[in-house]
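Peer 1: So that we are looking at the same thing, I have put the structure below in structure tokens.
Values in this text are rule-based calculations from the coordinates and carry no lab data. Worth saying up front: this structure is predicted, and the values here are computed from it rather than measured. Reconstructed Cβ throughout: ideal geometry from the backbone, glycine too, with neighbour counts over all protein chains shown.
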Amino acid sequence: MLHQLLSWPRKNCQLVAAMTAREIASRFRGSLAGLAWLLLTPLLVLAIYHFVFTEIFKARWATPASDDAPFALSLYTGLIVFTAFSEPVSRAPGLLAAHVNLVKRVVFPLEALPMVAACSGGVIACLQAAPIIAGLVIWKQSLPWTAILFPLMLLPVILLAFGVTAIISAFGAYLTDLSHLTGILLTAAMFLSPVFYPVEAVPEAVRWLYQLNPLTASIENARAVLLDGVPPPFLGYLRGLATGLLAVVIGAAVFVWLKPGFADVL
Amino acid sequence: MLGRPNPAGGRPFWALKDVSFDVARGESIGILGRNGSGKSTLLQIICGTLRATTGHVASHGRIGALLELGAGFNGNFTGRENVRLNAMIMGLSRREIDERMEEILAFAEIGDFIDQPVRIYSSGMFVRLAFAVQACLRPDILVIDEALAVGDEKFQRKCYAFMDSLKERGTAVVLVTHSTATVEKYCDRALLLHQGTMHGLGPTSAIVNQYHALLFADEKTYLRLLNATEQKSTRENSPSAVSEPEAQSSQAPAASAPEPDPDAGVQRARISQWALLDCDGASREYFRPGEQATLRFTVECRDTIAEMQAGVAIRTVEGVLAYGTSTDYYGQNMMDARIGQSFDFCFEIALFLCAGTYFISFSVAEKLGQGDMAYLDKKVDQIVLRVQEPDHRISGIAYLETRMRQYRHQ
């Protein structure tokens with residue numbers, strides 16, 4: 001089983017890469033704005049959130065350290081990192097049903113499907129970081145060298161996204177209720193992650209809850225490398241990576257366990 | 001290999017039961033059966049997309065499968081991109097795909113549309129591309145589920161020719177089709193599935209006849225056929241190299257029926273004697289092309305039969321139907337047959353056939369309605385006909401009178 005897990009990437013990495021590229025391209029093929037939607041969507045969402053939070057809630061970023069970074073940029077960073085997780089997971093319940101041909105009519109390594117979902121989420125998040133770079137150049141007239149570490153900060157998120165997507169998509173083939181449950185799960189995750197605020201803003205008593213959330217570290221790390229120019233804490237990063245790898249192993253195991261029955265139930 | 005139950009509530013439904021067979025390298029097997037007999041389920045189990053509830057499948061080598069038209073194609077991507085994707089799914093590396101791309105495109109004959117999104121393709125283009133991808137990638141096992149029927153005849157012939165070349169290289173082919181002509185021409189063996197169980201496995205001609213009996217004969221006749229074929233296979237060990245007759249490929253052809261077992265149930269009519277006669281009334285085996293021959297057989301009636309039709313089929317040694325006809329086509333069915341009456345049916349045929357050996361089969365059936373009938377008795381390959389060489393050398397099956405003229409242009 002372990003041998004299968006280790007040899008899988010080598011056999012199928014070309015397939016996953018090709019499918020990820022196709023998936024990203026297909027989202028915007030045929031639409032007028034094309035890839036521009038990739039950036040437009042988070043920017044529009046950001047504009048709305050920014051307006052609501054600063055003008056209506058009159059919120060502040062609430063920590064002295066990140067006071068220099070504009071509220072918008074911090075919020076945006078958190079948003080795109082979180083989206084790298086939430087987007088594949090939101091598609092997870094119906095993922096296999098959407099590719100029912102690949103389940104029943106084609107000899108296909110189905111584990112590639114959650115992998116492609118997670119990878120495309122990661123790639124899109126990297127693309128969406130472009131406005132941040134632009135914003136930084138405008139605001140600070142310089143770019144911190146740590147910005148290049150951003151994809152690495154995303155890695156634990158992608159691994160986690162794969163694990164969760166694999167589990168949810170595998171169960172989702174059997175239980176259609178899962179789509180409702182996933183929506184709630186993601187909304188909860190969004191508010192229990194430091195997307196709209198830094199983790200320091202959370203009262204000490206409940207901060208442990210946020211520390212449990214693997215996304216917290218990645219969001220904070222992303223902010224650190226992009227906006228503060230500070231590399232992430234080494235051990236903390238490793239711990240996030242380990243959590244991600246654990247998610248991969250568990251997710252793959254669950255998926256492979258449930259795989260034989262997919263063609264029966266779809 | 002066994003079946004799997006339907007988990008959608010209710011009683012368990014076994015889609016397949018006790019199905020077991022082997023396919024060797026370079027062998028092709030055709031799977032016949034009515035709709036709902038479990039053919040597609042069987043193919044999915046062979047390909048590994050469906051898991052059998054009990055039993056196992058052992059396959060060696062790469063499987064190329066054409067299970068559904070357009071499966072594995074993403075509509076928004078071009079034909080070329082889909083070829084790449086499918087090839088990658090089959091496990092080929094980028095380099096291998098590049099090497100094969102030209103061959104695939106040449107086979108599919110899509111032309112410039114190859115760079116257009118696949119969703120605009122016609123179904124014929126779909127199947128051409130799908131087959132090209134699966135076959136040109138040289139699978140060790142090729143599985144095809146009725147998808148080829150969508151292509152036009154020229155393409156189908158091209159596909160089957162390609163499959164023959166794959167077979168020579170050792171590919172095993174598993175083919176599901178409703179076209180018995182295809183099975184007879186291209187498959188080495190055939191399997192008959194009915195309601196999930198194997199009703200027959202063996203040489204194509206025998207299975208095709210069994211399939212036709214299953215489709216058109218009534219249950220008693222079919223069961224008699226099954227019993228008789230079992231007895232026949234135990235009695236005679238040598239498989240018959242001769243094909244079983246067909247009255248007409250669109251009508252119900254005869255099933256492989258040896259002498260009807262005298263104890264087997266009520267036989268409502270019986271063919272008691274038969275002969276092939278020349279114009280002088282003498283029984284003969286050798287005829288010259290174009291000569292008139294009379295096939296005459298006697299039917300004894302044991303029951304009231306409202307409308308009785310008689311059919312005759314002449315087949316070559318390879319089993320190709322050279323000619324078939326029936327009294328039904330001429331509107332000359334025998335009406336109102338009573339118990340104890342006996343009838344002679346005479347078919348006077350001008351034998352415009354090429355030289356060779358032919359087998360004549362004949363049968364009587366009760367006409368039940370438009371296009372429907374039930375066999376009463378049939379004799380398969382009971383008469384040997386040998387047609388001698390004509391004055392001019394010809395080849396093929398039909399002897400068509402030809403006059404040749406030549407002109408030289410200035």
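Peer 1: The range B:28-201: D in µm²/s via Stokes-Einstein (Kirkwood Rh, Cα pairs, 20 °C, 1.002 mPa s)?
Peer 2: Estimated diffusion coefficient is 129 µm²/s.
Peer 1: With an 8 Å Cα cut-off and a minimum separation of 6 or more residues, compute the relative contact order for the range A:13-260 in percent. Mind showing how you got there, number by number?
Peer 2: Numbers: 298 pairs, mean separation 68.6, N = 248.
That works out to 28 percent.
Peer 1: While we're looking at this one, here's another question. Which of the peptides B:326-337, B:45-56 is most tightly packed, and how do the rest follow, judged by the mean count of other Cβ atoms within 10 Å per residue?
Peer 2: Ranked by mean Cβ neighbours within 10 Å, highest first: B:45-56, B:326-337.
Peer 1: May I pose another question? Using only Cα atoms, locate the centre of the range A:70-114 and the centre of the range B:13-87, then give the distance between them in Å, rounded to an integer.
Peer 2: 29
Peer 1: While we're looking at this one, here's another question. Between residue B:102 and residue B:119, what length in nm is gained on full extension when 0.36 nm per residue of separation is reduced by their alpha carbon distance?
Peer 2: 3.9 nm
Peer 1: Moving on. Kirkwood hydrodynamic radius, computed over distinct alpha-carbon pairs, for the protein assembly as shown: how many Å, to one decimal?
Peer 2: Final number for the Kirkwood radius of the protein assembly as shown is 30.4 Å.
Peer 1: What distance in nm lies between label points placed 7 Å from Cα along the C-beta direction at residue A:230 and residue B:329?
Peer 2: The two pseudo-label positions are separated by 9.3 nm.
Peer 1: On to the next question. Rg(Cα) of chain B divided by 2.2 N^0.38 Å?
Peer 2: 1.15
Peer 1: Could you compute the FRET efficiency for residue A:242 and residue B:393, with r as their C-beta to C-beta distance and R0 at 51 Å, rounded to 0.05? Mind dumping the intermediate values first?
Peer 2: Numbers: r = 84 Å, r/R0 = 1.64.
Calculated value: 0.05.
Peer 1: Moving on to the next point. Please check chain A for the longest run free of trypsin sites (Lys or Arg not before Pro) that are loop-located per DSSP (anything but H, G, I, E, B) and have at most 16 other Cβ atoms within 10 Å.
Peer 2: A:61-266
Peer 1: Hey, got the dipole for chain A? About the Cα centre, +1 on K and R Cβ, -1 on D and E Cβ, debye to the nearest 20?
Peer 2: 680
Peer 1: A follow-up question, please. Sort the following peptides by mean Cβ neighbour count (other Cβ atoms within 10 Å, averaged over residues), highest first: A:13-21, B:309-317. Please list the in-between numbers first.
Peer 2: Details: A:13-21: 17.9, B:309-317: 22.6.
The most tightly packed comes first, giving B:309-317, A:13-21.
Peer 1: Roughly how tilted is helix B:94-108, in degrees to the nearest 10 and between 0 and 90, from the longest Cα axis of chain B?
Peer 2: Once rounded, one gets 40 degrees.
Peer 1: Please list, by residue number, everything in the range B:326-365 whose backbone N is under 13 Å from a paramagnetic label point 7 Å out along Cα→Cβ of residue B:306.
Peer 2: Within reach of a label on residue B:306, which here means backbone N under 13 Å from a point 7 Å along Cα→Cβ, the range B:326-365 contributes B:335-337.
Peer 1: Give me the inter-chain shielding for B:42-50: mean count of other chain Cβ atoms within 10 Å, whole number please.
Peer 2: Numbers: counts 0, 1, 4, 1, 0, 5, 4, 11, 7.
Partner Cβ neighbours, averaged per residue: 4.
Peer 1: Could you work out the mean count of beta carbons from other protein chains within 10 Å of each residue's beta carbon in A:238-247?
Peer 2: 0
Peer 1: Return the whole-Å distance between the Cα centroid of the range B:297-375 and the Cα centroid of the range B:134-212.
Peer 2: Spelled out, the Cα-based centre of one part sits 30 Å from the other.
Peer 1: Would you mind checking which residues have amide H under 5 Å from residue B:368's amide H? H placed 1.01 Å from N; only 5 or more apart, or other chain.
Peer 2: The list, which skips near neighbours in sequence, is B:373, B:374.
Peer 1: Taking the Cβ of residue B:152 as the center, what net charge do the other residues with Cβ under 13 Å away carry, scoring Lys and Arg +1 and Asp and Glu -1?
Peer 2: So the environment of residue B:152 carries a net charge of +2.
Peer 1: Tilt of helix B:204-216 relative to the longest C-alpha principal axis of chain B, in degrees (0 to 90, nearest 10)?
Peer 2: Helix B:204-216 and the main axis of chain B meet at about 80 degrees.
Peer 1: Pick out the long, greasy-scoring helices in chain A: whole DSSP H runs spanning 27 Å or more along their own axis by Cα, mean Kyte-Doolittle at least -1.0.
Peer 2: Those that pass (Cα extent of 27 Å or more, hydropathy at least -1.0) are A:2-28, A:71-91, A:150-174, A:234-258.
Peer 1: With axes computed from alpha carbons, what is the tilt in degrees of helix B:219-235 against the longest principal axis of chain B, rounded to the nearest 10 within 0 to 90?
Peer 2: Once rounded, the angle reads 90 degrees.
Peer 1: Right, something else. Among A:115, B:125, A:153, what is the fewest-to-most ranking by other Cβ atoms within 10 Å? Could the numbers behind the result be given before it?
Peer 2: Working: A:115 29, B:125 20, A:153 26.
Ranking A:115, B:125, A:153 by Cβ neighbours within 10 Å, fewest first, gives B:125, A:153, A:115.
Peer 1: Can you list the HN-Hα couplings for the range B:386-398, worked out from phi with the Karplus curve (6.51, -1.76, 1.60; θ = phi - 60°), rounded to whole Hz and with x for Gly and Pro?
Peer 2: Ordered by residue, 3J(HN,Hα) equals 10, 9, 8, 5, x, 5, 9, 6, 9, 9, x, 10, 8 Hz.
Peer 1: In addition: How many nm is it between the label spots at residue A:249 and residue A:133, if each spot is 7 Å from the Cα in line with the beta carbon?
Peer 2: 3.6
Peer 1: Now, a different point. So, in nm, how far is label residue A:41 from label residue B:20 when the simple model puts each one 7 Å beyond its Cα toward the Cβ?
Peer 2: 5.4
Peer 1: In terms of modelled amide H atoms, which long-range or inter-chain residues lie less than 5 Å from the amide H of residue B:66?
Peer 2: Under 5 Å from the amide H of residue B:66: B:143, B:144, B:145.
Peer 1: How crowded by other chains is B:86-99, given as the mean number of beta carbons from other chains within 10 Å of each beta carbon?
Peer 2: 3
Peer 1: Okay, next question. Can you compute the charge dipole magnitude of the protein assembly as shown about its Cα centre, using +1 on each Lys and Arg Cβ and -1 on each Asp and Glu Cβ, nothing else charged? Give it in debye, rounded to the nearest 20. Please list the in-between numbers first.
Peer 2: Numbers: 58 positive and 62 negative charges, 323 e Å.
Taking the Cα centre of the protein assembly as shown as origin, the dipole is about 1540 debye.
Peer 1: Placing +1 at every Lys and Arg Cβ and -1 at every Asp and Glu Cβ, with all other atoms neutral, what dipole size does chain B have around its Cα centre, in debye to the nearest 20?
Peer 2: 920
Peer 1: Given the rule -39500 (n - 2.57) for each run of at least 4 DSSP H residues, summed and divided by the residues of chain B, what is its mean residue ellipticity at 222 nm, to the nearest 500 deg cm²/dmol? Provide the component values of the computation, followed by the final result.
Peer 2: Values: 8 runs with 102 residues, N = 410.
After summing the helix terms and dividing by residue count, I get -8000 deg cm²/dmol.
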